[in-house]
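The values are calculated or read from the model by the stated rules, or taken from the named source; none is laboratory data. This structure is a prediction, so every number in the text was calculated from the model and none was measured. Ideal geometry is used to build each Cβ from the backbone, glycine not excepted, and the neighbour counts take in all protein chains shown. Remember, those area values only see protein heavy atoms, side chains included, never the ligands or the DNA or RNA. Shrake-Rupley method; radii C 1.70, N 1.55, O 1.52, S 1.80 Å.
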Amino acid sequence: AQKVTQAQTEISVVEKEDVTLDCVYETRDTTYYLFWYKQPPSGELVFLIRRNSFDEQNEISGRYSWNFQKSTSSFNFTITASQVVDSAVYFCALSVNYGQNFVFGPGTRLSVLP
Amino acid sequence: DGGITQSPKYLFRKEGQNVTLSCEQNLNHDAMYWYRQDPGQGLRLIYYSQIVNDFQKGDIAEGYSVSREKKESFPLTVTSAQKNPTAFYLCASSIREFNQPQHFGDGTRLSIL
């Protein structure tokens, strides 16, 4: 069975601080995909990034960066120089090639204070 | 603009009443999904459909029903059998490949009167 754990339920930081959101996953499949989504107060989930199980290169997009480590089954998300607009709930998800595919973690609520 | 439209944004249900939540997409996606989100909780899958005229139960299908008569539409009915329907409901769609991201609508917030 697949499982995604986001151990941090809530995080509060002050604007301009860096923050890392943790994601740990479980699967026996060798081929899988990992995703991060952002859910702002408006409610819609916004897709941020996708990573496949064979690509362990870290990725940077502006203030966002992702660190994928198969050895620890982790796919962590770092926001550099956080801003108030980053305040949202962030979900990590795992997808495998059968069944209902997507498994979401419980989410981490990030509050960035001015 | 392509996207997913959920309606209504807010919905109120009386005891013993069935209500239907609408989900329409113009992304030409084969797969569609319904999730339930409770306050402070993650997403739980209610039903999903990989193709027209076919759908599968998710983790919490009891008290819900769906239909998929058209590719672009996947309505969810919350029946009176669902004893605790107050929640935020999200519809999503995707290309029918497991490596594809799901795209979400704005959600419908259902409350009991």
Surface per residue (accessible, 1.4 Å probe) for the protein assembly as shown, Å²: 49 Å²
Tell me the trypsin sites (Lys or Arg not before Pro) within region B:39-109 that lie in a loop according to DSSP and have at most 12 other beta-carbon atoms within 10 Å. B:Lys83
For region B:1-98, what's the relative contact order in percent, using C-alpha pairs closer than 8 Å and at least 6 residues apart? 32 percent
Quick one: what are the phi-derived ³J(HN,Hα) couplings along region B:51-67, Karplus 6.51/-1.76/1.60 with θ = phi - 60°, whole Hz, x for glycine and proline? 7, 4, 6, 9, 8, 10, 6, x, 6, 9, 6, 4, x, 10, 9, 9, 9
Hey, got the dipole for chain B? About the Cα centre, +1 on K and R Cβ, -1 on D and E Cβ, debye to the nearest 20? 320 debye
Quick calc, the protein assembly as shown, dipole around Cα centre from Cβ unit charges on Lys, Arg (+) and Asp, Glu (-), nearest 20 debye, gives 500 debye
Estimated dipole of region A:1-56 in Debye, rounded to 20 [Cβ of Lys and Arg +1, of Asp and Glu -1, Cα centre]: 220 debye
Compute the longest continuous run of chain A that contains no exposed trypsin sites (Lys or Arg not before Pro); treat a site as exposed when its DSSP state is not H, G, I, E or B and it has at most 16 other Cβ atoms within 10 Å. A:64-114
Apply the a/c threshold of 1.5 to the C-alpha gyration tensor of chain A and tell me whether it is rounded, prolate or oblate. prolate
Say the dipole of chain A comes from +1 at the beta carbon of Lys and Arg and -1 at that of Asp and Glu; which of A:Tyr90, A:Val103, A:Pro114 then lies farthest toward its positive end? A:Val103
For region B:4-113, what is the number of Lys pairs with C-alpha distance below 20 angstrom, counting only pairs 8 or more positions apart or on separate chains? 4
Could you give me the radius of gyration and the Dmax of the protein assembly as shown, taking only the C-alpha atoms into account and expressing both in angstrom? 17.7, 53
Under 5 Å between amide hydrogens, which residues at least 5 positions from A:Ser53 or on another chain qualify, with H placed 1.01 Å from N in the peptide plane? A:Tyr32
Charge dipole (the protein assembly as shown, unit charges on Cβ, about Cα centre) - positive-most of B:Leu45, A:Asn52, A:Phe77: B:Leu45
Using the 2.2 N^0.38 Å rule of thumb for compact globular proteins, work out how chain B stacks up: its C-alpha Rg over that value, please. 1.00
For region A:38-114, run through the chymotrypsin sites (Phe, Trp or Tyr not before Pro) and keep only the ones in DSSP coil with at most 11 other Cβ atoms within 10 Å of their Cβ. A:Phe54, A:Tyr98
At 0.890 mPa s and 25 °C, Stokes diffusion of region A:47-89 via Kirkwood alpha-carbon radius, µm² per second: 213 µm²/s
